[in-house]
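Computed from the coordinates by the stated procedures, all read-outs in this text should not be read as laboratory data. Everything numeric here is computed off the predicted structure, so don't read it as measured data. Cβ placement follows ideal geometry from the backbone for every residue including glycine, while neighbour counts extend to all protein chains displayed.
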Amino acid sequence: MVDDIGNPISNVHANVYNIFDMDTKPGLTDTNGMHTTRLDKIFHISGSFKKHGYYTSYGDFWKAPEWGKVPPANTNFTIVLKRILEPVPMRQREVTVIFPRLNEPIGFDLEVGDWIFPDGKGKTVDMFLTAERKYVSRREYSFSVSAEFIGELNGIQSFIKPSTHDLKSELPPPPIAPKFGYMKTFESFSRHLSPDKWASASFVENRNWIFRIRTEIDKDRNIVSANYGWIVKDPASIPIPQPDGTGSFTIIYYYNPDPKSRSLEPKEIADRQAKDIPKEGGK
């Protein structure tokens, strides 16, 4: 068991279990961050790993490629717990907006979570969303949305949890927003309905996004202030199945209103950890 910078963590409450019969093997990690367990009838191995001061990690960390396959004896798995560093009161938004027009950039305010006035209640353009739609019939049409962030050094970047196992963290993004790596645009999200199936051209499983907006810089182009946030999963673009319809755009995200903080840790998630995680010594 290690933290997000590779240091071993002792006294982690490790509850490992076998999906085959839900046989659980709880215990604590030692001073080297190790927890040893023996499971019989192995098929899938899952677990939850908790300690005060860290975000819980949970889920599957080994899946049998086929029935009867088991991991080699004395196999070690590395489990990562993210440290709770700087939780802040972040605003959670779950927004679905209908495009008022097609083929035209429309300003969107991420702080408010709405179109810019007069199309909505927004006041500051953080990004422009443009919708394009092709309608053939009620059984065949396509719809796509592209976004462009405005302002110097503003933008977006994706992050995906490690693919070595299916463990999840109570805090999906890194605790602190990156300083570099932001793109001005992100790929359009489209869905196409054909006679036999739906297809999503841009959906990527487990992909999330970090954004930076309202960036202020000094004469040396150093960032003085900025607002950060993270988007839960890929936003969804849904066409309206009528000849004269447009479509909707759904986005779920956390927004840090403090322009001096790069924290991506919602206080509500950190507070929930404090209530759910056993104290030292199991009390």
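A few remarks follow.
- Peptides 212-224, 174-186 ranked from most to least packed, by the mean per-residue count of other Cβ atoms within 10 Å: 174-186, 212-224.
- Maximal additional length on extending the residue 28-residue 176 stretch stands at 50.5 nm, based on 0.36 nm per residue less the C-alpha distance.
- Stokes-Einstein D in µm²/s, Kirkwood radius over Cα pairs - the range 91-270 at 37 °C with 0.692 mPa s viscosity: 189
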